[in-house]
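The values are calculated or read from the model by the stated rules, or taken from the named source; none is laboratory data. Because the structure is a prediction, the values reported are computed rather than measured. All Cβ positions, glycine included, derive from the backbone under ideal geometry; neighbour counts span all protein chains shown.
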Amino acid sequence: MSKVTVTDKDRELIAVLSENARENTAAIARRLGLSRSTVQAKIDRLEEGGVIRGYGVRLSDEYRKGLIRAHILVTIAPKTLNRITSELGGLAEVQAVYSVSGNFDLIVEVAAESISELDRVIDFIGEIKGVERTLSSVILSTRIER
């Protein structure tokens, strides 16, 4: 991957794609005041340069409100990070895994459809070989999200 310079127009393009990655190139071009071919070339350059590494799905607020979300703080044994991260990545309920400094090594963000499903996920994480300790906090509400 080569070092890609990100311009102000690239940042505008990224913002538009963040709102709706499925918007067609012609509509994006109109919004940015660029030609369709220029927008497509920018997208290709940002993808090839590794700035854009993929596109995803943003769930509706209605669907997300029905999920039970939690942060699980995890302390791990030395030299187990890669294996534990790999196992966590295999869980559909795991939304993100962050390496952090402090008393814990990881913060695992999970979303489950029920309390019993969340309980199962927390138990599974605690049983992963190399996980020494967990502390879970259920998210009650979201005050700010960007």
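The residues of the stretch 98-132 that are assigned to a loop (DSSP other than H, G, I, E, B), of a type in the set (A, V, I, L, M) and more than 21 Å from the chain's Cα centre (by Cα) amount to a single one, ILE128. Exactly one residue out of SER99, SER86, SER136 is in contact with a helix residue (DSSP H, G or I) (Cβ under 8 Å, 6 or more places away or on another chain), surrounded by fewer than 14 Cβ atoms within 10 Å (Cβ to Cβ) and either more than 21 Å from ARG22 (Cα to Cα) or assigned by TED's automatic domain parsing to the domain that holds ALA21 (or both), and it is SER99. If a residue must be closer than 22 Å to GLU145 by Cα and outside any loop (DSSP other than H, G, I, E, B), how many such residues does the stretch 12-59 contain? Residues meeting the conditions: 8.
Annotation: LYS9 fulfils all but one of (1) of a type in the set (D, E, K, R); (2) assigned to a helix (DSSP H, G or I); (3) within 18 Å of the chain's Cα centre (by Cα); the unmet one is (3). When the stretch 30-44 is filtered for residues that are surrounded by 16 or more Cβ atoms within 10 Å (Cβ to Cβ) and either polar (S, T, N, Q) or under 30 Å from GLN95 (Cα atoms) (or both), the ones remaining, listed by number, are LYS42, ILE43.
Close Cβ contacts (under 7 Å, 6 or more residues apart or on different chains) running from residues in the stretch 88-104 that are farther than 16 Å from ARG69 by Cβ to residues that are exposed (fewer than 11 other Cβ atoms within 10 Å of the Cβ) and at pLDDT below 95 are absent. Within the stretch 1-29, if we keep just the residues that are closer than 21 Å to GLY56 by Cα, at pLDDT 90 or above and of a type in the set (S, T, N, Q), the residue that is surrounded by the fewest Cβ atoms within 10 Å (Cβ to Cβ) turns out to be ASN24. Scanning the stretch 48-65 for residues that are out of contact with any helix residue (DSSP H, G or I) (no Cβ under 6 Å at 6 or more places or on another chain), more than 25 Å from GLU113 (Cβ to Cβ) and surrounded by 10 or more Cβ atoms within 10 Å (Cβ to Cβ) returns GLU48, GLY49, GLY50, VAL51.
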